[in-house]
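A quick write-up on the structure given underneath.
The values are calculated or read from the model by the stated rules, or taken from the named source; none is laboratory data. Note that this is a predicted model, so its numbers are computed, not measured. Ideal geometry is used to build each Cβ from the backbone, glycine not excepted, and the neighbour counts take in all protein chains shown.
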Amino acid sequence: MRIILVTGPGGAGRTTLAAATALAGARAGRRVLLVSEDAAPSGGDEKLRVLRPQPGPDFRREFLALQARSAAALDLLGAAPFEDAELTELPGSRPFALLRAVRDAAEGDHDLAVVDLPPLPEALALLALPAQLRRYLRRLLPPERQAARALRPMLAQLAGVPMPAQWLYETTARWEAELAAVQAVVEAPATTVRLVVEPGPDATRALRTARLGLAVQRLALDAVVANRILPAASEDPWLAGLAAEQHRHLAELRTATGGLYELPHLGRAPRGAEDLVLLAPARPEAAPAPAAEWAVEDRREEDGVLVWHIPLPGAVKEELSLVRRGDELLLTVGAFRRAVPLPGALRRCTVTGAGLVEGDLRVRFTPDPGLWPRTP
């Protein structure tokens, strides 16, 4: 199934474009699911279904399930359990509800799912969340330590005191499985991100932020949509001046993208399904372009090194930072940071240099003689 994640700067029209893309797919005969908290009506199309994430009920359900699993430990502490009626969602509940909705969308029988993501900065953080949380769980509660849980009943009898409850490890395993499922959907080849911008002073900056943030997460940018384009010619001097400025920024976007969906300003807020049809980018079902590959180049015969090519479009040297920590490379690019697991071959090497060439970060690794297999 194809999944399109739609984001953009606040106010650029991402929710409207998500609804328009979903409706166009449905009218083309595809079974479509639109995931959005603020979804527009389906326009009566039977092939379009709307799924609205429910942060409140989702939080209460998860909290009560966790409370039930840890009832024994809470009883030992003398804690009074909560009831459903007194629970209100906490800050941070909405991203998890949306991620679960994305996972549920991928498990459905639809041909296309269109997801209305939050504004660009929050969307990039949201897409990075599953991998980040899985890394934290592995560090704090390594899977190999969970094997010791079989010994706890015996140790409790010997010590005469209760041992740590098994629910901690069971909950961790459940979270790990859920996060892995979400991460698999986000990083799947059929999942891409579509950026919606309104041509203006911040549009090119938003494009650079999106490209760089997605590249760090090894995700693909499906397309860029320039929304609410004013007519180039007008007899009104004020409108003509505004349009001329917008079209200058539009030209910058064309140069920066090489391909751009351009949608007109309707002169009003969209009113119903027929207006949404006018705002749908062409071919929403088109096959996505894959994310640029992080390739390892073997240059041992020429230079005695292996070179890891990491595509970072729009990156500048002054914003880059690299730190090797065990089998991970801690990569920082401006506001974005990721701990990247090293490929197997590079774990037996030492980092001996790095350079940025036209958006291609080239990290040089020299094989460690003590770890690298010797050739006869």
*Kindly indicate whether any position in segment 341-352 is over 22 Å from E293 (Cβ atoms), part of a strand (DSSP E or B) and touching a Pro at 6+ places or on another chain (Cβ under 9 Å).*
yes
_Just to check your reading of the model, which residue among R49, R30 is at pLDDT 80 or above, in a loop (DSSP other than H, G, I, E, B) and within 29 Å of L278 (Cα to Cα)?_
R30
*Kindly check whether there is at least one residue in segment 223-244 that is in contact with a Lys or Arg (Cβ under 7 Å, 6 or more places away or on another chain), buried (at least 18 other Cβ atoms within 10 Å of the Cβ) and not in a loop (DSSP other than H, G, I, E, B).*
yes
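Would you check if L242 is hydrophobic (A, V, I, L, M, F, W, C) and in contact (Cβ under 8 Å) with a residue 24 or more places away in the chain?
Judged against the criteria, L242 is not a match.
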*Please tell me if R149 is modelled with pLDDT under 85, of a type in the set (K, R) and farther than 24 Å from T15 by Cβ.*
yes
*Do you know which residues across segment 298-321 are closer than 20 Å to A215 by Cβ, more than 22 Å from the chain's Cα centre (by Cα) and surrounded by 14 or more Cβ atoms within 10 Å (Cβ to Cβ)?*
V307, W308
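Going through segment 175-232 one residue at a time, which ones are hydroxyl-bearing (S, T, Y) and free of Cβ contacts under 8 Å to residues at least 60 places away in the same chain?
The first filter runs over segment 175-232 and keeps only residues hydroxyl-bearing (S, T, Y), leaving 191-192, 204, 209.
Of everything in segment 175-232, just one residue is hydroxyl-bearing (S, T, Y) and free of Cβ contacts under 8 Å to residues at least 60 places away in the same chain, namely T204.
Quick test for you: out of L250, L263, pick the one residue that is farther than 23 Å from V333 by Cα, under 30 Å from the mean Cα position of the chain (by Cα), assigned to a helix (DSSP H, G or I) and of a type outside the set (D, E, K, R). Show your work before the answer.
Working: L263 fails: assigned to a helix (DSSP H, G or I).
Only one candidate passes the filter, namely L250.
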*Give the residue that is farthest from S321 (Cα to Cα), with candidates limited to residues of segment 353-376 that are of a type in the set (V, I, T) and assigned to a strand (DSSP E or B).*
T366
*Is it true that some residue in segment 323-330 is over 22 Å from the mean Cα position of the chain (by Cα) and assigned to a loop (DSSP other than H, G, I, E, B)?*
yes
*Being among the small types (G, A, S) and touching a residue at least 40 places away in the same chain (Cβ under 8 Å) is the filter; apply it to segment 245-278 and report the residue that is surrounded by the most Cβ atoms within 10 Å (Cβ to Cβ).*
A273
_Among the residues listed as V363, V316, V351, the single one being more than 20 Å from L221 (Cα to Cα) and touching a residue at least 40 places away in the same chain (Cβ under 8 Å)_ = V363
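Can you name the residue in segment 294-314 that is part of a loop (DSSP other than H, G, I, E, B) and out of contact with any helix residue (DSSP H, G or I) (no Cβ under 6 Å at 6 or more places or on another chain) and is also nearest to Y136 (Cα to Cα) among such residues?
Here is the first cut: in segment 294-314, the ones part of a loop (DSSP other than H, G, I, E, B) are 294, 300-304, 312-314.
Those still in the list that are out of contact with any helix residue (DSSP H, G or I) (no Cβ under 6 Å at 6 or more places or on another chain) too: 294, 300-304.
Numbers: W294: 23, R300: 35, E301: 39, E302: 39, D303: 37, G304: 35 Å.
Only one residue fits best here, namely W294.
For segment 110-144, give me each residue that is assigned to a loop (DSSP other than H, G, I, E, B) and at pLDDT 90 or above. Steps first, answer last, please.
Quick first cut of segment 110-144, residues assigned to a loop (DSSP other than H, G, I, E, B) only: 110-111, 117-119, 141-142.
Answer for segment 110-144, where residues must be assigned to a loop (DSSP other than H, G, I, E, B) and at pLDDT 90 or above: H110, D111, L117, P118, P119.
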